[in-house]
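Input: a single structure, listed below in structure tokens.
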Amino acid sequence: MKKVVTGNHAVSYGVKLARAQVIAAYPITPQTQVVELLSEFCASGKLNAKFIKVESEHSAMAACIAASASGARAFTATSAHGLALMHEMLHWAVGARTPVVMANINRAMGPGWSVWTDQNDSLAQRDVGWIQIYCESNQEVLDTTIQAFKIAERVLLPVMLILDAFVLSHTSEPVDIPDQEQVDEFLPPYNLKTKLDVNNPRAYGGLTNPDHYFELRYKIQKAHTEALAVIKEIDEEYKKHFGRQYGLVEPYRCDDAKVILVTSGTITSTARLVIDEMRDEGRKVGLLKYRVFRPTPREILRDILYRAQKVCVIDRNISFGHGGIFAQEIKSVLYGLPASPPVYSFIIGLGGRDVTPKDIREIIEYTYKEETPAEPVIYRGVRL
Amino acid sequence: MKWLEKYKVDLPNLNKESDYPEWAISMTSTLLNRTGSWRTFRPVYENKTPPCSYRCPVHEKIPIYCDYLKRGMIKEAYFTIIENNPFPAITGRVCYHPCELECNRKDYDETLSIHNIERYIGDWGLKQVSVKELRKQSAEKSKGSQQKLKIAIIGSGPAGMTAAFYLACEGHTVTVYERQAKLGGLLRYGIPAYRLPKKILDNEINRLKLLGVNFQTGVSLGKDITLSMLKEKFDYVIIAYGAHKNRALGVPGDDAIGVLSGLEFLAQVNSGRKPKLGKRVLIIGGGNTAIDAARVALRLKRKPVILYRRSRNEMPANPQEVSDCEKEGIKIEFLVAPVKVVTNKKGKVVGLEVVKMKLGKPDASGRRAPVPIPNSNYIINCDTIITAIGEQVDLSIIPDELEKTSWGIAAGEDGQTNLDRVYAIGDCVSGPKTVTEAIAMGRKAAMNIMNKNDVQVFSPYIVKISDLNLSYFSHQPQTKAKELSLSARKGSFKEIHLGFSENESIKEAERCFSCGVCNKCDNCYVFCPDLAVIRDNYEYEIDYDFCKGCGVCAYECPRKAITMIEDSQIIEDNSKE
Amino acid sequence: MNIKMESRNFTIPEKEYMFPGHVACPGCGGALAMRLVLKALGEKTIVVIPACCWTIIDGPFPMHSLHVPVYHTAFETAAVAASGIKAALEIQGKKDITVLAWAGDGGTLDIGIQSLSGVAERNDDIIYACYDNEAYMNTGIQRSSATPKGAWTTTTPVGNPKGEPKKNISEIMISHRIPYVATATLAYPDDLINKFRKAQQIKGTKFIHIFAPCPTGWKMAPELMITICRLAVLTNIFPLYECENGVKYTINIVPEKPIPVREYLKLQGRFSHLQEKDIEQIQKTVDFEFNLLLKKAQLIV
Ligand SMILES: Cc1cc2nc3c(=O)[nH]c(=O)nc-3n(C[C@H](O)[C@H](O)[C@H](O)COP(=O)(O)OP(=O)(O)OC[C@H]3O[C@@H](n4cnc5c(N)ncnc54)[C@H](O)[C@@H]3O)c2cc1C
Ligand SMILES: Cc1ncc(C[n+]2csc(CCOP(=O)(O)OP(=O)(O)O)c2C)c(N)n1
Ligand code: SF4
Ligand code: SF4
Ligand code: SF4
Ligand SMILES: [Mg+2]
């Protein structure tokens, strides 16, 4: 069924179709509509879930993890400060191997207060061990939401799906909303092997001394490694059921590209237009949409980017004191390859400033033109 | 069962990746941690001796029978007592209950009325427990068959009765030789009926008869029989003839008409005869005989006055008896001593010249010696003088080869004399003492003859009130037993103290702290943070695999039935073994 | 000489849900508290433990000292993690399981008070037990808002002992108008067990504040643990009471003649620096607070 919905509501529909059982969330702009619609679903009985209207995001995540460890499919949504407040619990979710699914609406961090989009909130959580998937469209948001539960429950890692504030969250697009039966076929009920159970009295997450901690951490990393294949497999399966698939990354007209632009989130859609334009002009440019950020799809990134002569990366984020985070990741992926392409790093659109086709074009042109980047990090559009 | 006997625990193998759970999910229990190794002190269950039991001449296990009683297990209570003392109905009445002087409750509110509880249980047992049960009980206690012995006992006082009881219970042949026509010694001829009704004594004696004890009355040692005769006929001879020799006043005229021996006077009254008494009766002495003689005289409608040469503090008589006596209206004159009996021409008493005394330095007995005050003599008019200044053991009736002390027959703790197979017990060994001490000696001799261990106190440690955790007790006044009213006592030999009813005795037993003796209150079990107190059925044990030695159990034990011992000591001890 | 029957002072249930070998210090009140509480609640209980001494006590992986599931969670999340578990159980149709949040005073009065307040305001169906040892013991005896005025801790050293009175968490919880708030302590195990059993029968948020001495942190002889509990009650320092629906107060023990606080204070090294005037001040405060409680319970007007 096609419906015109916002990105936020796409999340809510996805969660409903995934039959989440426990939802705990706290409102924050621009995430509020996600929980508002879910509240309605719960209130009307369209979704049979317990919605815990917690007093903070920290509690939201704590509740979700606990619920998940107890055998319930758990979901939350947040943004920026909410995500930052959860930080401790984000670690916990991973350490507890709970397949919690969370939507994070990418929003800039204060101060000064900003509700507009950038990626610093989610990227600041890069190392906590969550699977991170950056979405480009409302359809992808819905589909990723459904996929996320399946991925998470297969590998026992929490999954964060990420969408840009307003540009997606509050923008309506036609979305194909699958039937419940179809989704049920794709996504079996959550079935955790060892969960809190009075008939199997164990302690979960207790004190772990150096003689065992390392092994358990190793297993988390191993799960991440395995997750790549699982995500791919589930994506393909999703296609079989629903006819759509997104890949770990999405190369666009990269085949013979001399310059490949790497983007994430909604900037990708804009970039796609620019690439088409430039291709029409006969320029050998391609686009790589970085979708699954964690675990890092190292092999496929290398496979695609290795063939280009230059790579430019757009980051709507900044790791202060270093630079763009995606660029950093790409560099590290390419590191060690003989004659790997140079990586041009551009930071743009922080705090929700518009990223126009012109901006993107100029970035590509610059990369094309300049033998080496003038700076390790190039700030695009900063008026200083 | 200790934890590691109940559960087997192994540390899981965690070598391969697949050995590990997904996250830190426990796989086994902390039973793997022998936290007992942290300990430096360990608690040990160790019943200790309550001061009451310690002070009791027969070491009755007072807290234990109190405990049985309050649970309605009176038969168990009775058998607990008679392990130490076969005649609780008697001692419950006449024992001066030194136990109560030491009872820890006296420093908390009021002493436990132990004798009344004992008496209640004793009366119940006398009525309810058959001879068959007595035999069965002791048969259960004595392991294996013993050769049956023939024992002669001289004297049927409490000492002899006790020895007879324990021996007869076990099926030995016991013959008691008694000089008097009736049995019971001073229980019959000394202690008046208002304190010990004859019916009680008769019943006890009757039970001895049913137990098979053979009594020969009217047979006197030294007259009708001799020690060597008995030694020939019997395997063992127990001498228990008491201390009955009257001490004369030792003043001029002390053999005048109208001067009576206290013991004789009481014996006459107690055997139903009416001794000749004048109107005004003086009793000389400060002991129990004096007090009883005065009270008997009062009941014979005389106006007795007691003269005692020291002060109240030095009176050997039991204070309770003294106060009872004064309550009944008898006057005691202190610090006066007889100088001379004043007689008329017929040689009959008409008065007594006395001298006033004061207290000087302590004498050999530790009491302050009375010294006459010069020129303080005066005369008290009277018709009868009853002397009660102490009885002595008649040592003339026993052979020379039997060793003696300056006051009686020499015998050891267990009653053995210097002569083979000859034991001596009771007042004839100790000089005039008490019924319960006589019983203790009787039991010890019987046990020794039967080659059995005598009953023991729980431990050398005597529990003080400061050892108790008083938080678990609440104040409760002593239960008072009923007494015959003063008016009803007039001219009557009816029993004065009426004892407890069932409810009263249970109520009083509930007051017992059970000093030093575990009564399964559960505190140690309840309060152990380490689950190291194992309670199986009604038994407690410490699981040293896990006891960290915090000491909470010992501290919260209301009655110090747990001792903390330094652990290294124990380890050393083990290494010695 | 054996007595065939016992004369138990208490009627605590037989069954144990805890194993020995746990690693609490000798004489730990918190350890005993858990043992007794689980006896009350039984095997259909899930325990949530945030960072606190009990994190350690339960034993290191792969060990575990309880015979019920334990979910360890972050310091400030005991209450809400319990809510999460309860919600998960309910949605799975498991309605007969008690979820017990078990936190220290720090995890309750300080860092965890936000999520606790949230749970209470929503009246989520859990029992929240705070075992109060009046400081952060896990981290080495730092002051918490439950540390009484005048006490030594490593962050309120002698010379500068804690200057502020203990936060009254029970009253805070009562103000949430939750169905049941109670105080309990280990010297009164039957009372403690009854309160937990009562709480188990009530739907909604139940809060039970357990006074649980820490011999290590209080610098006291471990064997005094129970005695200190008893003194806390009999001095009125820690009154035993219940409050239903935020209004109906019942004081369980009103000492006929309260014991002077000195008797309580003098047994603990953490108070050893107190001067006579400090003790008098503490006495005054205790009297005042208890009087207030009596008024709330309408035992005086
Ligand atoms: C008036 C009075 C009141 C007392 N009141 C108490 C009291 O309330 N509580 C208490 O504990 N103690 C009391 N006593 C002390 C107590 O009675 C004695 O200590 C106790 O009876 C000693 O017991 P026994 O068996 O050694 O001797 P006895 O009771 O004296 O028994 C000795 C027996 O041996 C018999 N006998 C003596 N010579 C011979 C012989 N040659 N041949 C055969 N038989 C012989 C005697 O007739 C007597 O029956 C009292 C004593 C007196 C005198
Ligand atoms: C967010 C956070 N801050 C600090 C800590 C460190 N920490 C662990 S336990 C604890 C104190 C716990 O005190 P309390 O709740 O009173 O329990 P207790 O240890 O006294 O039993 C602290 C400060 C932590 N685990 N998490
Ligand atoms: S309280 Fe009981 S056990 Fe303790 S001394 Fe008194 S009678 Fe004996
Ligand atoms: S605490 Fe109670 S059960 Fe334990 S030893 Fe003492 S009396 Fe016995
Ligand atoms: S530090 Fe205190 S609360 Fe913690 S385990 Fe030790 S005694 Fe118990
Ligand atoms: Mg604490």
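B:Asn418 falls short on exactly one of the conditions (1) open to solvent by 10 Å² or more (accessible area, probe 1.4 Å); (2) touching a residue at least 40 places away in the same chain (Cβ under 8 Å), and that condition is (2). Test each condition in (1) within 16 Å of ligand 6 (Cβ to nearest atom); (2) more than 14 Å from chain B (Cβ to nearest Cβ); (3) under 17 Å from the mean Cα position of the chain (by Cα) for C:Ala151 and report the one that comes out false. Every listed condition holds for C:Ala151 apart from (3). For A:Asp197, are the conditions met, namely being open to solvent by 30 Å² or more (accessible area, probe 1.4 Å) and not in a helix (DSSP H, G or I)? Criteria met by A:Asp197. Count of segment B:277-329 residues, restricted to those that are over 28 Å from B:Ser365 (Cα atoms), surrounded by 21 or more Cβ atoms within 10 Å (Cβ to Cβ) and among the basic types (Lys, Arg), is 0. Taking the conditions (1) in contact with a strand residue (DSSP E or B) (Cβ under 6 Å, 6 or more places away or on another chain); (2) within 17 Å of A:Val5 (Cα to Cα); (3) of a type outside the set (S, T, N, Q); (4) crowded, with 24+ Cβ neighbours inside 10 Å in turn, A:Asp176 satisfies each one other than (4). Please verify whether segment C:134-143 includes one or more residues that are aliphatic (A, V, I, L, M) and either within 14 Å of chain A (Cβ to nearest Cβ) or within 16 Å of ligand 1 (Cβ to nearest atom) (or both). Looking for residues that are aliphatic (A, V, I, L, M) and either within 14 Å of chain A (Cβ to nearest Cβ) or within 16 Å of ligand 1 (Cβ to nearest atom) (or both), one finds none in segment C:134-143, hence no. The set of residues in segment B:49-63 that are in a helix (DSSP H, G or I), in contact with an Asp or Glu (Cβ under 9 Å, 6 or more places away or on another chain) and at the interface with chain C (Cβ under 10 Å from one of its Cβ atoms) is empty. Across segment B:57-91, the number of residues qualifying as in contact with a Pro (Cβ under 7 Å, 6 or more places away or on another chain) and within 12 Å of ligand 3 (Cβ to nearest atom) comes to 2. Does C:Gly204 satisfy the criteria of being more than 16 Å from ligand 6 (Cβ to nearest atom), open to solvent by less than 40 Å² (accessible area, probe 1.4 Å) and more than 14 Å from every other protein chain (Cβ to nearest Cβ)? Considered against the rule, which asks whether it is more than 16 Å from ligand 6 (Cβ to nearest atom), open to solvent by less than 40 Å² (accessible area, probe 1.4 Å) and more than 14 Å from every other protein chain (Cβ to nearest Cβ), C:Gly204 comes out as yes. Pairs meeting the criteria (first residue in segment B:339-365 and farther than 11 Å from B:Ile385 by Cα, second residue among the hydroxyl-bearing types (Ser, Thr, Tyr) and open to solvent by less than 60 Å² (accessible area, probe 1.4 Å), beta carbons under 6 Å, at least 6 apart or on different chains) are B:Val355/B:Ser376; B:Lys356/B:Ser376.
Note on segment C:209-301: enclosed helices (runs of 4 or more DSSP H) holding 1 or more residues that are farther than 20 Å from B:Leu470 by Cα are C:215-218, C:276-296. Scanning segment C:232-267 for residues that are within 14 Å of another protein chain (Cβ to nearest Cβ) and within 15 Å of the chain's Cα centre (by Cα) yields a total of 2. Yes or no: C:Ile126 in contact with a Phe, Trp or Tyr (Cβ under 7 Å, 6 or more places away or on another chain) and either crowded, with 24+ Cβ neighbours inside 10 Å or at pLDDT 95 or above (or both)? The answer is no for C:Ile126. One residue is enough: does segment A:248-269 have a residue meeting the conditions assigned by TED's automatic domain parsing to the domain that holds A:Arg291, small (Gly, Ala, Ser) and either in a helix (DSSP H, G or I) or more than 30 Å from A:Glu371 (Cα to Cα) (or both)? Within segment A:248-269 (the criterion being assigned by TED's automatic domain parsing to the domain that holds A:Arg291, small (Gly, Ala, Ser) and either in a helix (DSSP H, G or I) or more than 30 Å from A:Glu371 (Cα to Cα) (or both)), the answer is yes, since at least one residue qualifies. Residue under question is C:Lys162, and the condition is that it be crowded, with 17+ Cβ neighbours inside 10 Å, without any contact (Cβ under 8 Å) to a residue 40 or more places away in the chain and either aliphatic (A, V, I, L, M) or over 30 Å from B:Phe41 (Cα atoms) (or both); does it hold? It is true that C:Lys162 is crowded, with 17+ Cβ neighbours inside 10 Å, without any contact (Cβ under 8 Å) to a residue 40 or more places away in the chain and either aliphatic (A, V, I, L, M) or over 30 Å from B:Phe41 (Cα atoms) (or both).
Can C:Thr216 be described as within 14 Å of chain B (Cβ to nearest Cβ) and within 12 Å of the chain's Cα centre (by Cα)? Criteria not met by C:Thr216.
Quick grid of which residues meet (1) in contact with a Cys (Cβ under 7 Å, 6 or more places away or on another chain); (2) under 22 Å from B:Ala317 (Cα atoms); (3) within 14 Å of chain C (Cβ to nearest Cβ); (4) of a type in the set (Asp, Glu):
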{"residue": "B:Tyr68", "(1), (2), (3), (4)": "no, no, yes, no"}
{"residue": "B:Gly72", "(1), (2), (3), (4)": "no, no, yes, no"}
{"residue": "B:Ile90", "(1), (2), (3), (4)": "no, yes, no, no"}
{"residue": "B:Leu101", "(1), (2), (3), (4)": "no, yes, no, no"}
{"residue": "B:Lys106", "(1), (2), (3), (4)": "no, yes, no, no"}
{"residue": "B:Ile114", "(1), (2), (3), (4)": "yes, yes, no, no"}
{"residue": "B:Asp123", "(1), (2), (3), (4)": "no, no, no, yes"}
{"residue": "B:Gln128", "(1), (2), (3), (4)": "no, no, no, no"}
{"residue": "B:Glu133", "(1), (2), (3), (4)": "no, no, no, yes"}
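For segment A:43-52: of the residues being open to solvent by less than 30 Å² (accessible area, probe 1.4 Å) and not in a strand (DSSP E or B), which is nearest to A:Gln21 (Cα to Cα)? Filtering segment A:43-52 for residues that are open to solvent by less than 30 Å² (accessible area, probe 1.4 Å) and not in a strand (DSSP E or B), the one nearest to A:Gln21 (Cα to Cα) comes out as A:Ala49.
Comparison of C:Ile169, C:Ile126, C:Ile193 shows that the only residue that is over 30 Å from C:Lys266 (Cα atoms), away from ligand 3 (no atom under 16 Å from the Cβ) and in contact (Cβ under 8 Å) with a residue 60 or more places away in the chain is C:Ile126. Restricting the first member to segment A:366-381 and to residues that are in contact (Cβ under 8 Å) with a residue 40 or more places away in the chain, and the second to residues that are part of a loop (DSSP other than H, G, I, E, B), the beta-carbon pairs closer than 7 Å and six or more apart or on different chains are A:Val377/A:Gly324.
Looking only at segment B:20-33, residues that are touching a helix residue (DSSP H, G or I) at 6+ places or on another chain (Cβ under 9 Å) and more than 7 Å from chain C (Cβ to nearest Cβ) come to 4 in all.
Matching residues to (1) open to solvent by 10 Å² or more (accessible area, probe 1.4 Å); (2) away from ligand 5 (no atom under 16 Å from the Cβ); (3) within 21 Å of A:Thr194 (Cα to Cα); (4) touching a strand residue (DSSP E or B) at 6+ places or on another chain (Cβ under 8 Å):
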position: C:Thr73; (1), (2), (3), (4): no, yes, yes, yes
position: C:Glu76; (1), (2), (3), (4): yes, yes, no, no
position: C:Leu89; (1), (2), (3), (4): no, yes, yes, yes
position: C:Gly93; (1), (2), (3), (4): yes, yes, yes, no
position: C:Gly107; (1), (2), (3), (4): no, no, no, yes
position: C:Gln114; (1), (2), (3), (4): yes, yes, no, no
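Within segment C:97-109, none of the residues are without any contact (Cβ under 8 Å) to a residue 40 or more places away in the chain and either over 23 Å from A:Ala69 (Cα atoms) or out of contact with any Pro (no Cβ under 8 Å at 6 or more places or on another chain) (or both).
Say whether the condition of being surrounded by fewer than 19 Cβ atoms within 10 Å (Cβ to Cβ), within 21 Å of A:Val167 (Cα to Cα) and of a type in the set (Lys, Arg) is met by at least one residue in segment A:335-355. Yes. The set of residues in segment C:231-257 that are basic (Lys, Arg) and buried (at least 20 other Cβ atoms within 10 Å of the Cβ) is empty. Do we have any residue at all in segment A:223-244 that's facing another protein chain (nearest Cβ under 9 Å), touching a Leu at 6+ places or on another chain (Cβ under 6 Å) and part of a helix (DSSP H, G or I)? Taking every residue of segment A:223-244 in turn, at least one turns out to be facing another protein chain (nearest Cβ under 9 Å), touching a Leu at 6+ places or on another chain (Cβ under 6 Å) and part of a helix (DSSP H, G or I).
The values are calculated or read from the model by the stated rules, or taken from the named source; none is laboratory data. Predicted model, so just to flag it, every value in this text is computed and none were measured. Note: ideal-geometry Cβ built from the backbone for every residue, glycine included; neighbour counts use all protein chains shown. Note: areas computed on protein heavy atoms with side chains; ligands, DNA, RNA excluded. Shrake-Rupley method; radii C 1.70, N 1.55, O 1.52, S 1.80 Å.
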